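Chemist: This is the structure I have questions about; it appears just below.
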Amino acid sequence: MPWRISSAVSQRHEFVLLASQPRANMRQLCHRFGISRPTGYKWLERYLSEGQAGLVDQSRRPHHSPNRTVPTVETAITALRKKHPAWGGRKLQQRLFDLGHRNLPAPSTITSILARHELLDAQESTKHRAFQRFEHAAPNDLWQMDFKGDFALLRARCYPLTIVDDHSRFAVTLNACARNTKNITQSALIQTFRRYGLPARISCDNGPPWGSSCRGHYTQLVIWLMRLGIVVSYARPHHPQTNGKDERFNRTFEIEVLRYQRAATLAQWQQHFDDWRYVYNNERPHEALQMKVPASRYRPSQRAYPERLPPIEYGPTDIVRKVRHAGHIKYKGREIHVGSAFFGLQVALRPTTTDGVFAIFFCQIQIGQLDLAKLGT
């Protein structure tokens, strides 16, 4: 079966990196990448024996020598910098090492080489600073999601949708969307879920289409995610550091892609996005990962995307109510607001250890709390 996007070697490389992870599910990976298991094992075996050179359709060997002269190394450094004009000395050194170069100079020397060839942006260099980092324990524990603003095309606008895995920094999504609407975002998420599976939680800001300025955060898109068993959490207003890894990804994306690339249509921008996402995940060394690439720490979720939404089910002791117009349910003669986005769906009240206090659940996710004492008579 064919690979599903144009750059076959890029997709093969991502596939074998994910297939090489501990406890990788080869059958599931092959299904998600749209290839047969024999094909998957063929490319994995070639990669393990020949490296990335074994992933091309015709057999090739790496064209490099372990003993390079200084001029040759300098040429390689400047060529790689021109290809990735936002990369500094450490990233360039690590990537050249990954490509087979040896006897490389120190990152500080590489920086001096860049300066000598007038390849440094002095203004950009002053922006780099250390960050305090926290990460979740495993891939797919948390994905961070955001729209990277929007910008004009000839006859439309582009809204880049970005989603980054918190643990590995692996970019699972970089989509050139026509708008930031529920339907367009959901379509992009379905493609992502089919390839990488479902995360346990997604964190996002309070903007559309997942946030709402109305009472409560719940929107139709968030309810769909809840029905898939995904917990959705929100960043504190005016605190972008809550989604710090996606914010950092967006800054890198702006520096390395939006600053240098030009395109007139969404399809052309999507090709730029696909090319760069591959480089970011599989080639670009990441300082927070000890100069490893994100693909070295990521593995797809074992929770496969269900093509049909699972039914909404509650326990025999739950108090089930159907949400009416204006997002209300009725319990013991009292009107309780749970959110207009839940209209027509069922929610459950579950008693807590405090008398008169109930937890309100949608599916298996708590969406609120009811205190009868505060409602009055």
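Chemist: Of the cross-linked pairs Lys245/Lys292; Lys91/Lys292; Lys322/Lys374; Lys148/Lys182; Lys182/Lys245; Lys42/Lys83, which ones have a Cα-Cα span greater than 20 Å in the structure shown?
Modeler: Lys322/Lys374; Lys182/Lys245; Lys42/Lys83
Chemist: Follow-up. Which residues in region 89-107 have a backbone N closer than 17 Å to a point placed 7 Å from the Cα of Ser20 along the Cα-to-Cβ line?
Modeler: Only 94-101 fall inside the zone, counting backbone N under 17 Å.
Chemist: As a footprinting exposure proxy, order Val279, Val320 by other Cβ within 10 Å, with the fewest listed first.
Modeler: Values: Val279 17, Val320 14.
Least to most surrounded, the residues fall as Val320, Val279.
Chemist: Which semi-axis lengths, in whole Å and largest first, follow from the square roots of five times the eigenvalues of the Cα gyration tensor of region 70-125?
Modeler: On the way: eigenvalues 59, 25, 20 Å².
So the equivalent ellipsoid measures 17, 11, 10 Å along its semi-axes.
Chemist: Next question. So how much slack lies between Gln268 and Gln28, counting 0.36 nm per residue of separation and subtracting their Cα-Cα distance, in nm?
Modeler: Numbers: separation 240, 0.36 × 240 = 86.40 nm, distance 3.05 nm.
Separation in residues times 0.36 nm, less the Cα-Cα distance, equals 83.3 nm.
Chemist: Angle, helix 244-253 long axis vs. longest principal axis of the chain, Cα atoms, 0 to 90°, nearest 10?
Modeler: 40 degrees
Chemist: Here is a follow-up. I'd like to know which of Gln369, Pro22, Pro71 lies farthest towards the positive end of the charge dipole of the chain, counting +1 on Cβ of Lys and Arg and -1 on Cβ of Asp and Glu.
Modeler: Checking the options against the dipole of the chain, the answer is Pro22.
Chemist: How far apart, in nm, are the 7 Å Cα→Cβ label points at Arg308 and Arg116?
Modeler: 6.8 nm
Chemist: Dipole of region 143-296, Cα-centred, from +1 at each Lys and Arg C-beta and -1 at each Asp and Glu C-beta, to the nearest 20 debye? Can you show the working numbers first?
Modeler: Working: 20 positive and 13 negative charges, 70 e Å.
Charge dipole of region 143-296: 340 debye, to the nearest 20.
Chemist: Enumerate the whole-percent occupancy of each 10 Å bin, from 0 to the last occupied one, for all C-alpha pair distances of the chain.
Modeler: 4, 20, 27, 24, 14, 7, 4, 1, 0
Chemist: Here is a further query. Using the Cα centre of region 8-55 as the reference point, and only Cβ charges (+1 on K/R, -1 on D/E), how large is the resulting charge dipole? Debye, rounded to the nearest 20. Present the calculation step by step, with values, prior to reporting the outcome.
Modeler: Values: 7 positive and 3 negative charges, 43 e Å.
Using Cβ point charges on Lys, Arg, Asp and Glu, region 8-55 gives about 200 debye.
Chemist: If you add up the charges near Lys330, with Lys and Arg at +1 and Asp and Glu at -1, over every other residue whose beta carbon is less than 9 angstrom from its beta carbon, what do you get? Don't jump to the answer; show the numbers that get you there.
Modeler: On the way: positive: Arg321, Arg324, Lys332, Arg334; negative: Glu335.
Once all neighbours under 9 Å are counted, the net charge is +3.
Chemist: Please give the charge dipole size of the chain, origin at the Cα centre, charges +1 on K and R Cβ atoms and -1 on D and E Cβ atoms. Round to the nearest 20 debye. Can you show the working numbers first?
Modeler: Details: 54 positive and 30 negative charges, 83 e Å.
With only Lys, Arg, Asp and Glu charged at Cβ, the dipole is about 400 debye.
Chemist: Give me Val232, Val56 ranked fewest to most by other Cβ atoms within 10 Å of their Cβ, as a rough exposure proxy.
Modeler: Working: Val232 20, Val56 13.
Least crowded to most crowded, the residues run Val56, Val232.
Chemist: If amide H atoms are built 1.01 Å from N in the plane of the peptide, which residues on other chains or at least 5 residues away come under 5 Å of the amide H of Met291?
Modeler: Answer set, sorted by chain and number: His286.
Chemist: So if R0 is 41 Å, what FRET efficiency would Ser7 and Phe343 give, r being the distance between their Cβ atoms, rounded to the nearest 0.05? Provide the component values of the computation, followed by the final result.
Modeler: Values: r = 44 Å, r/R0 = 1.07.
Taking R0 as 41 Å, the efficiency between Ser7 and Phe343 is 0.40.
Chemist: What is the antiparallel percent of DSSP beta bridges lying wholly in the chain, to the nearest 5?
Modeler: Working: 32 of 38 bridges.
So the antiparallel bridges amount to about 85 percent of the total.
Chemist: Can you tell me the order of 137-149, 257-269 when each peptide is scored by its average per-residue count of other Cβ atoms within 10 angstrom, highest first?
Modeler: On the way: 137-149: 20.1, 257-269: 14.7.
The packing order, highest mean first, is 137-149, 257-269.
Chemist: Given the convex hull over the Cα atoms of region 143-296, what projected area results after averaging over all orientations, in nm²?
Modeler: Values: hull surface 36.7 nm².
Computed as one quarter of the Cα hull surface, the answer is 9.2 nm².
Chemist: So how do Ile365, Ile110 line up by other beta-carbon neighbours within 10 Å, fewest first?
Modeler: Working: Ile365 15, Ile110 25.
Ordered by Cβ neighbours within 10 Å, fewest first: Ile365, Ile110.
Chemist: Which is farthest toward the positive dipole end of the chain among Pro209, Leu289, Gln271, measuring Cα position about the Cα centre, with Cβ charges +1 (Lys, Arg) and -1 (Asp, Glu)?
Modeler: Result: Gln271, furthest along the dipole toward the positive end.
No lab work stands behind these numbers, since they all come straight from the coordinates. Note that the structure is a prediction, hence the values are computed from the model and not measured. Please note: Cβ atoms are built from the backbone with ideal geometry, for glycine as well, and neighbour counts cover all protein chains shown.
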